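A quick write-up on the structure given underneath.
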Ligand SMILES: [Cu+2]
């Protein structure tokens, strides 16, 4: 799976914090998705820091800014400021047979999820826990 994700030019990084999920004893901690190295390194790409080009807050069961604009090589960061879990998954639409390019674990309250987009284009996403009200898209322009 990691190879396929890297080939598609998308890197998912899970940052779970500040650890409010530890207050929920009814389920095990969410396993962090391993970071996938970018398939293509551009200028300055050797730096381990991820440049966050847009932040989307998940609040009141909505993506507060459902359309994010970033440049290729930048990350979109989703921050859960709701008291309930959310997810961020590529939205392939009804009957989509392909595997999503990114699938977050359940993001707990206070948690953050990042995906680095390396190729220009438009990628739709959805919260699979609230798919009728939580959708959006990322528009990636050339670097
Ligand atoms: Cu949700």
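FYI, it's all coordinate maths here, none of it is from the lab. This is a predicted model, so every value here is computed, not measured. Positions of Cβ are backbone-derived with ideal geometry, glycine not excepted, and every protein chain shown enters the neighbour counts.
How high is the FRET efficiency between residue 122 and residue 84 when r is their beta carbon distance and R₀ equals 22 Å, given to the nearest 0.05?
Values: r = 28 Å, r/R0 = 1.26.
According to the calculation, E is roughly 0.20.
At 0.36 nm per residue, and after removing the present C-alpha to C-alpha distance, how many nm does the segment from residue 103 to residue 141 gain when stretched out fully?
11.5 nm
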